[in-house]
Amino acid sequence: MNNFTRGHSVSHSKTYDMGLREYMIGVYNNMLIALGITGAASFLTISSGLIGLFFNQNGMSGLGYLALFAPFAFVMFLGFKIRTMEPAQARMMLWVYSGLMGLSLAPIFLAYTGESIARVFFISASVFGAMSIYGYTTKRDLTGMGSFLFMGLIGIVIASLVNIFMQSSAIYFVVSVLGVLIFTGLTAYDVQKIAQMYNYAPNSQERARYAVVGALSLYLDFINLFLSMLRLFGDRR
């Protein structure tokens, strides 16, 4: 290899690394903004007294059930449509979804102490950060692990739905433990997959769209990891 070819290869590698780094920063920026909106929406719902319209001592009102299931329906819609939206539109849909999620998560402030919520949040953030670094830097192909974790995710979703009617504390505990393990693993898998998506983006617009798709995946990983840990380690009021 002559000096020109070698120099061109090094220059191309540096350009690729900088592009990938900027793309991943965009993914995490979108995710962090979504988490901020979720936190703000939850806090405002509690502090303004709006929580009483959705949840009270007698259980959930009709609006409460709407607030609980609206994020699930919305993320299903978003999952199907986000890859065909313009980047700005996809980003706005992510903000709307994170606001709805904040509304549905507001009752955790009634069920758990603020101190334990903060503690579990920082523990979850530490685990998430460590697994993000692993997923980004590892040379190991995590595709097989991702398929296994996805099957586990389907299992805990089904178990959670069944437990709505059974109200079994044992199932609740097992689902929470499995949730921590599954979403910890999915964080590493999704980060690797999101980084690989950069290779298939033909232009800057596609990369911007992929950054929102990736942010949604990591946002869901973090929220579910946090909730699973909160069920295990949170101090109930």
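The values are calculated or read from the model by the stated rules, or taken from the named source; none is laboratory data. As the structure is a computational prediction, the values presented were derived from the model and not from experiment. All Cβ positions, even for glycine, are placed from backbone atoms using ideal geometry, and neighbour counts span all protein chains on display.
If you take the residues of region 18-49 that are among the aromatic types (F, W, Y) and crowded, with 16+ Cβ neighbours inside 10 Å, which of them is nearest to M92 (Cα to Cα)? Result: Y28. The requirement of being under 27 Å from G214 (Cα atoms) and at pLDDT 75 or above is fulfilled nowhere in region 45-66; no residue meets it. Under the condition of being farther than 15 Å from G135 by Cα, out of contact with any Lys or Arg (no Cβ under 9 Å at 6 or more places or on another chain), in contact (Cβ under 8 Å) with a residue 40 or more places away in the chain and of a type in the set (F, W, Y), the residues counted in region 188-237 number 2. Of the residues making up region 183-237, those that are farther than 20 Å from G144 by Cα, under 15 Å from the mean Cα position of the chain (by Cα) and of a type in the set (G, A, S) are A211, A215, S228. Looking across region 183-237, the residues that are of a type in the set (S, T, N, Q) and at pLDDT 90 or above come down to T184, T187, Q192, Q196, S217, N224, S228.
The residues listed here are S104, S132, S126, S169; of these, the one that is surrounded by 13 or more Cβ atoms within 10 Å (Cβ to Cβ), farther than 25 Å from R209 by Cβ and polar (S, T, N, Q) is S104.
Would it be correct to say that R207 is in contact with a Phe, Trp or Tyr (Cβ under 6 Å, 6 or more places away or on another chain) and part of a helix (DSSP H, G or I)?
yes
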